[in-house]
Amino acid sequence: MQDKSTHKNDFGLIGLAVMGQNLILNVESRGFKTAVYNRTYSVTEKFVSQHPDKQLQGFEELSDFVQSLERPRKVMIMVKAGPAVDVVIEKLIPLLEEGDLIIDGGNSLYTDTERRSQELGGKGLLFVGSGVSGGEEGALKGPSIMPGGPTSSWKVVQPIFEAISAKVDGEPCVTHIGKGGAGHYVKMIHNGIEYGDMQLICEAYALFKAAGFTTDEMATIFDDWNNSELESYLIQITAKIFEIQDPETNQPLIDVIMDKAGQKGTGQWTLINGAENAVVISTINAAVEARILSSLKAQRVIAVNELQGPSEFNSDWDKATFVAKVKKALFASKIISYAQGLDLIKTMGEAKQWDLNLGNIAKIWRGGCIIRAAFLNDITKAYQGNPELSNLMLDPYFKDILNDSQQAWREVVALGVSQGIAIPAFSASLSYYDSYRNDRLPANLLQAQRDFFGAHTYERTDKPAGEWFHTDWPEVID
């Protein structure tokens, strides 16, 4: 393909799947000249030919693509996370010069990003590992962007990322997250929170469906909620989902979609990281496990005729009361999902000395990304007002919501349990809340057991912390 002018391109992108295509169209729409490359050249040809009025240049040879870029060259990779990223980077290295920048915009594991950053830094190349959230629409119209890496690398791409990101109150939904793999790490936890958020909404749906609400009624409920403190992208699209009819069966589309959920791995990565850092993320854990259980469809179809539960749904609540209580339970549980994710970010940031700013992170999640929600303004204010906040639940604003919601929350969880409705994320969220607010947990018995069988010792309530004791327990005769 021929150059459309003699001027060099401002930005290059490799990987023309839908996210890559939409992202580069976003960049071009902000006045930047762009170059594109895809492993399969026919994809490049088709994409460029579909947009003849755009400042897009497609290249068959990677070397020509690189040479078309203004220095310092800015090359963004949008390919599947894992080995494919390394393959592209290896091909780029001999074609780039000192000071050029490679950006990985996929969902890479943060440890891979740290390795790549170190390797490329040793070759004189700059590297940014950047989370990009918002799906296909966000990529085109304005995503939330979470770049990590050296400040010097961020400065090179800052004008472009600020131009293409979503805007809230005129502020771009992008900030330099921190060094190393911080950007991809924060995106990973964002996805974990997303898992929790989605599962909680699904559990509200399960309760409504069991109680006999129609999809039309649920569409109205979620639409109303989207005009309240629950306003969010996920609540909004849920209302829209319930409005759609299946043209083949004339049934609500939701009723003909198979109940088997997929996942791409970031939720599981979050669970592993939570365990590694000894941070409780039980809501996210419940959400990941719910997806896994949903995949066991064949086993569940057999079990439904073998394992017993309540014969029919029974509740004394009228519909208005039901909706009000579920709303409170959902909002309280949603706060827990964010609290757990932010706690993990805080803990990991301190361990890695990333100097993360939770207020700024919450601020860039207000627009563009999948978990964007009105109450992220309140989360931003919470951490701006108290950067040392130990847990989001203890912020005065969120503490009041949880205190006000806890009774309805308990009643909703109790109803789900008594009626045989699986609501693992609601339950896990409430258990986390109750454990956190309790100054005496049964872990004293656990420590006694550990000392009994393994002489692991224990501390005493009547002695200074840090003093350890052991009891010569009686012998157990089998």
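Would you pick out the residues in segment 153-189 that are in a strand (DSSP E or B) and among the aliphatic types (A, V, I, L, M)? Before the answer, list the steps.
Going residue by residue through segment 153-189, those that are in a strand (DSSP E or B) are 167-168, 171-172, 174, 178.
Residues satisfying the conditions are Val168, Val174.
So which of Gln263, Gln268 is modelled with pLDDT under 95, outside any loop (DSSP other than H, G, I, E, B) and among the polar types (S, T, N, Q)? Quick ask: steps written out before the conclusion?
Numbers: Gln263 fails: outside any loop (DSSP other than H, G, I, E, B).
Of the residues listed, the single one that is modelled with pLDDT under 95, outside any loop (DSSP other than H, G, I, E, B) and among the polar types (S, T, N, Q) is Gln268.
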Completion exercise
For segment 40-88 the number of residues that are in contact (Cβ under 8 Å) with a residue 24 or more places away in the chain, within 31 Å of the chain's Cα centre (by Cα) and on the phi < 0 side of the Ramachandran plot is 15
Exercise for the section: Would you point out the residue of segment 376-388, among those that are surrounded by 20 or more Cβ atoms within 10 Å (Cβ to Cβ) and not hydroxyl-bearing (Ser, Thr, Tyr), that is farthest from Ala324 (Cα to Cα)? Expected result: Ala382
Problem - Only listed residue being touching a residue at least 12 places away in the same chain (Cβ under 8 Å), more than 20 Å from Val18 (Cβ to Cβ) and either surrounded by fewer than 24 Cβ atoms within 10 Å (Cβ to Cβ) or in contact with a Pro (Cβ under 8 Å, 6 or more places away or on another chain) (or both), chosen from Val174, Val186 - result: Val174
Completion exercise
Among residues of segment 234-255 being outside any loop (DSSP other than H, G, I, E, B) and either of a type in the set (Asp, Glu) or at pLDDT below 95 (or both), the residue surrounded by the fewest Cβ atoms within 10 Å (Cβ to Cβ) is Asp255
Practice task
Go through segment 452-473 residue by residue and tally those that are surrounded by 10 or more Cβ atoms within 10 Å (Cβ to Cβ) and either of a type in the set (Lys, Arg) or closer than 18 Å to Leu441 by Cβ (or both).
Solution key: 5
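Out of everything in segment 389-427 that is assigned to a helix (DSSP H, G or I) and among the hydroxyl-bearing types (Ser, Thr, Tyr), what residue ends up being surrounded by the fewest Cβ atoms within 10 Å (Cβ to Cβ)?
At the first step, the residues of segment 389-427 found to be assigned to a helix (DSSP H, G or I) are 392-394, 396-418, 424-427.
With among the hydroxyl-bearing types (Ser, Thr, Tyr) added as a condition, the list becomes 397, 405, 418, 427.
Working: Tyr397: 14, Ser405: 21, Ser418: 12, Ser427: 20.
This residue is Ser418.
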Exercise for the section: State the number of residues belonging to segment 306-359 that are exposed (fewer than 15 other Cβ atoms within 10 Å of the Cβ) and assigned to a helix (DSSP H, G or I). Expected result: 6
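The values are calculated or read from the model by the stated rules, or taken from the named source; none is laboratory data. Because the structure is a prediction, the values reported are computed rather than measured. Every residue, glycine as well, gets a Cβ built from its backbone with ideal geometry; the counts of neighbours run over all protein chains shown.
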